[in-house]
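Undergrad: One structure, pasted below without further comment.
The values are calculated or read from the model by the stated rules, or taken from the named source; none is laboratory data. Since the structure is predicted, the reported quantities are computational estimates derived from the model, not experimental observations. Glycine gets a Cβ as well: all are built from the backbone with ideal geometry, and neighbour counts include every protein chain shown. The protein model used for the area step is the full one, side chains on, heavy atoms only, and it has no ligands, DNA or RNA in it. Shrake-Rupley method; radii C 1.70, N 1.55, O 1.52, S 1.80 Å.
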Amino acid sequence: MPRGAARVRVLALALVLLTAGCTDKGNSNKSSELKSKASACVKALRIVDLVPDPKKAEDYEKKGKELRDLAKDVRDREVSKAMRQVAHQYGMARVEAARDFGRVAVWVKSTVTNIKTLKKVCA
């Protein structure tokens, strides 16, 4: 495993652990909203691949559907939007895998950008 991929996985694990403990004891509505966001973020970050691979197009179609379904239940608009963006990129995996290598590289870059956005709004 490349050193960079290991770092990304460690950061993702840290993010999951940090978001799992988010609560606000002062306001029950706020608390449930934060739990909902934290729970959704944990689920979404478990679904996404940190290093996208267009050869996994069939898996990405399933993951995209999971992300879209999850995004429907998230109250936080930024988180929901970020999930839908990753889901869209995953939906494009089969199309891009059938195209030339240059298009695949663009797809991978766009997918990584959308995953970073998801991680940022979940922090």
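Undergrad: Which condition breaks for Asp24 when tested against (1) open to solvent by less than 40 Å² (accessible area, probe 1.4 Å); (2) in contact with a helix residue (DSSP H, G or I) (Cβ under 6 Å, 6 or more places away or on another chain); (3) modelled with pLDDT under 85?
TA: Going through (1) open to solvent by less than 40 Å² (accessible area, probe 1.4 Å); (2) in contact with a helix residue (DSSP H, G or I) (Cβ under 6 Å, 6 or more places away or on another chain); (3) modelled with pLDDT under 85 one by one, Asp24 breaks only (1).
Undergrad: Under 9 Å by Cβ, and 6 or more places apart or on different chains, what pairs join a residue from region 40-53 that is farther than 10 Å from Leu70 by Cβ with one that is exposed (fewer than 15 other Cβ atoms within 10 Å of the Cβ) and of a type in the set (A, V, I, L, M, F, W, C)?
TA: The qualifying pairs are Val42/Ala20; Leu50/Ala5; Leu50/Leu11; Val51/Ala5.
Undergrad: For residues in region 62-118 being in a helix (DSSP H, G or I) and of a type in the set (Asp, Glu), which is surrounded by the fewest Cβ atoms within 10 Å (Cβ to Cβ)?
TA: First pass over region 62-118, keeping only residues in a helix (DSSP H, G or I): 62-72, 77-91, 93-97, 101-118.
So of that shortlist, the ones also of a type in the set (Asp, Glu) come out as 66, 69, 78, 96.
Working: Glu66: 18, Asp69: 11, Glu78: 14, Glu96: 20.
By that ranking, first place goes to Asp69.
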